[in-house]
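The values are calculated or read from the model by the stated rules, or taken from the named source; none is laboratory data. All values derive from a computational prediction rather than experimental measurement. Using ideal geometry, Cβ is built from the backbone for each residue, glycine included, and neighbour counts are taken over all protein chains shown. For the accessible areas, the whole protein counts, side chains as well, though only heavy atoms, and no ligand, DNA or RNA atoms are used. Shrake-Rupley method; radii C 1.70, N 1.55, O 1.52, S 1.80 Å.
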Amino acid sequence: MAGLNLRFTEEELDSLRSRAEAEGKSMQAFAHDAVITAINKHARLFNEAADHVLKASEELNRRLA
């Protein structure tokens with residue numbers, strides 16, 4: 001599996017350590033899960049926006065076709 005190095009301030013690292021510990025995860029597992037969650041959320045929001053635009057312009061697209 002490929003790796004990635006991230007840099008954090010001491011405060012950010014302390015927060016990461018605290019949250020990971022509170023969830024019973026390693027910092028690496030917690031950071032991985034947070035990144036995957038953000039990716040999935042972004043993809044979902046993009047798809048919802050695209051669906052909205054397609055629906056809103058459906059009639060216009062039909063007339064232009």
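So here's what we get for this one:
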| quantity | calculated |
| --- | --- |
| For residue 23, net neighbour charge (Lys/Arg +1, Asp/Glu -1) across residues whose Cβ lies under 14 Å away | +1 |
| Charge dipole (debye, nearest 20) of the chain; +1 at Cβ of Lys and Arg, -1 at Cβ of Asp and Glu | 360 debye |
| Farthest toward positive dipole pole in the chain [+1 Lys/Arg, -1 Asp/Glu at C-beta], among 49, 60, 26 | 60 |
| Per residue accessible area in Å² of the chain, where ligands, DNA and RNA are left out and the probe is 1.4 Å | 93 Å² |
| Portion, in percent, of the accessible area of the chain that falls on carbon or sulfur, probe 1.4 Å | 58 percent |
| For residue 56, net neighbour charge (Lys/Arg +1, Asp/Glu -1) across residues whose Cβ lies under 15 Å away | -1 |
| Cα pair distances of the chain binned at 5 Å [whole percent] | 3, 14, 15, 16, 11, 8, 8, 7, 6, 6, 5, 1 |
